[in-house]
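Asker: After the structure tokens below, expect a handful of questions from me.
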Amino acid sequence: MQLFWTFLKIGLFSVGGGYAIIPLIQEQVVNQQGWLTDKVFTDIITISQMTPGPIAVNTSTFVGMQINGIVGAIVATVGCILGGCVISIGLYSFFQKHQESFYVSEVLKSLKASSIGLIMSAGFTILLLTFFGSSELSSILNAHIDWLAVILFSVFLFILRKFKLNPILLMCLAGVAGFFLY
């Protein structure tokens, strides 16, 4: 029940979906509940990005599976999507009535800006975990830098930007390189 309630709150209070939900899930399952470590959570995010489907649903499913097996996966996934489904139906009705409103338009613009900030926060958290092994800024000062991860990231980012290769191909190549180097 606690797993369902946690993911229901995540689904209800996440704005922007996708990468914007990652910090909220991390706060709940790593920092508040203590169900997972930062390392396991990072692994789950990585797997969630590589599997088909929305990252929020994939992450919820994998976290639930890690915590309580198949039942946990189902409970966490339903909890995560239930709130969004109910809210979407309600918002559809609301926007049908108020589609010409200036104020509604301005609220939507502000939500877009906050979503960008949340996505940047998720990316920054993943980089910190990858390069320093922690997402806490205070512990980074004492942590060692994983120079191999920094070099791999830089090389594959350069290849992506310079040669415009398929990102999926690059993820596979980076995974193979990481397998052999780590």
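Asker: Can you tell me which residues in the stretch 54-73 are surrounded by fewer than 17 Cβ atoms within 10 Å (Cβ to Cβ) and at negative phi?
Answerer: Selection gives PRO54, ASN68, ILE70, VAL71.
Asker: Okay, next question. Inside the stretch 125-161, can you point out the residues that are in a helix (DSSP H, G or I) and in contact with a Ser or Thr (Cβ under 8 Å, 6 or more places away or on another chain)?
Answerer: If the condition is that a residue be in a helix (DSSP H, G or I) and in contact with a Ser or Thr (Cβ under 8 Å, 6 or more places away or on another chain), then THR125, ILE126, LEU128, LEU129, THR130, PHE132, ILE140, ALA149, PHE153 are the ones that fit.
Asker: Given the criteria over 24 Å from SER114 (Cβ atoms) and either modelled with pLDDT of 90 or more or more than 17 Å from the chain's Cα centre (by Cα) (or both), does GLY90 qualify?
Answerer: On the way: over 24 Å from SER114 (Cβ atoms): no; either modelled with pLDDT of 90 or more or more than 17 Å from the chain's Cα centre (by Cα) (or both): yes.
In short, no.
Asker: Of the numbered conditions (1) aliphatic (A, V, I, L, M); (2) modelled with pLDDT under 90; (3) farther than 22 Å from SER115 by Cβ, VAL40 satisfies every one except a single condition; which is it?
Answerer: Of (1) aliphatic (A, V, I, L, M); (2) modelled with pLDDT under 90; (3) farther than 22 Å from SER115 by Cβ, only one is false for VAL40: (2).
The values are calculated or read from the model by the stated rules, or taken from the named source; none is laboratory data. Predicted, not measured: the structure shown is a model, and the values here were computed from it. Don't worry about glycine lacking a Cβ; one is built from the backbone with ideal geometry, like all the others, and counts go over all protein chains shown.
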